[in-house]
Ligand SMILES: Cc1cc2nc3c(=O)[nH]c(=O)nc-3n(C[C@H](O)[C@H](O)[C@H](O)COP(=O)(O)O)c2cc1C
């Protein structure tokens, strides 16, 4: 773990990633960083952000920039949340507890993953900010027990992953996964004493989602929606938020970037649910592009994971603080001082990239 002072030496996403890569065993690094198949979607997520440009606006009144917003009623001090990412025990001994503290100390929210090194109750005890629980649906009995435990432990919403319809390993992970079995990896599903070594298998159907609505009064976020059709169905089935995500390019390779599909999802939802986006957010300007196109907040995955690996809760907090500065600067340059000031006029598609670039 890198001392807190030197954490601030990492400024760019590439510096964080390179330092994490140096620190971690190769197969763990592969598991975190890789995408599916040829990594087309992983690259497209970045490429698509690069095709959009902000439209600055000056001069404007120099009011201090206010980044606070709410997500399903929870106040967060910047519009960047921690998307759920499993296996944190592989990169830091304090795992989810450290991540939860880092998120809370930076004034934002963590979505606690389903496969963890720490029980959901213990993560809740360590947390300094709001938590949502990520759910991979299995059989109803197991899922309901988990949902009830989450509600009792103070989790404020369920984030149900939709984009994992079958067990699927990225090619790079076949070896990584194999190696992880032989490590002291406590890969479990919030169970004690960690009996379950497999991920849930059951595909989520719209009927099962309707059942979720029956068993809990917690708000439901549906994560992994990338088309207008599914966004429409999600709202019809009573979800409170649609999370536009392609799992950071980790699921099926041949698909568009999330920032490309965001406008159609926002239009289909038509204000009936909150909309968030993740997959490829690396800079404050990326976040502002997504907010301009209608996301209420964004999520990051790999960037906070690098922070966790390098500095536990301090690392997670430092990554978030850097993003906070960048989001505030991007808003200010677009002539906005609050998140409600920003709309589609703030972004434009690049028509022609100069050859020199
Ligand atoms: C190591 C790792 C594990 C992940 N595990 C989960 C998970 O358990 N559930 C889930 O819905 N998404 C999972 N994701 C996807 C993230 O929630 C998120 O959608 C993605 O990382 C966002 O893209 P980014 O990494 O480019 O920010 C995981 C991502 C990573 C990098």
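What follows is calculated from the coordinates using simple rules that are stated; it is not laboratory data. Predicted model only: the values in this text are computed from it and were never measured. Glycine also receives a Cβ, built like all others from the backbone with ideal geometry; neighbour counts cover every protein chain displayed.
Please compute P(r) over all alpha-carbon pairs of the range 214-281, binned at 5 Å starting from zero, and give each bin as a whole-number percent.
4, 19, 31, 22, 14, 7, 3, 0
Compute the separation of the alpha-carbon centres of the range 90-138 and the range 254-275 and state it in Å as a whole number.
27 Å
Could you work out which residue, out of 142, 223, 170, moves most in a Gaussian network model of the chain, that is, has the largest mean-square fluctuation with Cα springs under 10 Å?
Looking only at 142, 223, 170, the largest GNM fluctuation is found for 142.
Please identify, among 108, 258, 70, the residue showing maximal mean-square fluctuation in a Gaussian network model of the chain using a 10 angstrom Cα cutoff.
70
Remind me, relative contact order of the chain in percent, using alpha carbon pairs under 8 angstrom and six or more residues apart?
Numbers: 712 pairs, mean separation 95.6, N = 357.
Once divided by the residue count of the chain, the mean separation gives 27 percent.
Just to compare against my own numbers: the Cα pair-distance distribution for the range 1-88, 5 Å bins, whole % per bin, please.
P(r) for the range 1-88, in whole percents per bin: 2, 8, 11, 15, 19, 18, 15, 7, 4, 1, 0.
Within 10 Å of each residue's Cβ, count the other Cβ atoms and sort 81, 251 from fewest upward.
The most exposed by this proxy come first: 251, 81.
Taking only Cα atoms of the chain, what ratio of Rg to Rh do you get with Rh as the Kirkwood inverse-distance radius? Mind dumping the intermediate values first?
On the way: Rg = 19.3 Å, Rh = 20.5 Å.
So for the chain, dividing Rg by the Kirkwood Rh gives 0.94.
Can you put 233, 308 in order, fewest other beta carbons within 10 Å first?
Lowest to highest Cβ neighbour count: 233, 308.
Over the range 249-302, what relative contact order in percent results from Cα pairs under 8 Å that are six or more residues apart?
Values: 53 pairs, mean separation 20.2, N = 54.
Once divided by the residue count of the range 249-302, the mean separation gives 37 percent.
For 338, 205, 30, which order do you get if you count the other beta carbons within 10 Å of each Cβ and list the fewest first?
By the 10 Å Cβ count, ascending: 205, 338, 30.
Considering every pair of different Cα atoms, what Kirkwood radius, in Å, is found for the range 60-107?
One decimal place: 12.8 Å for the Kirkwood radius.
In a GNM of the chain with a 10 Å cut-off on Cα contacts, which of 204, 310, 82 has the highest mean-square fluctuation?
Result for the chain, Cα springs under 10 Å: 204 fluctuates most.
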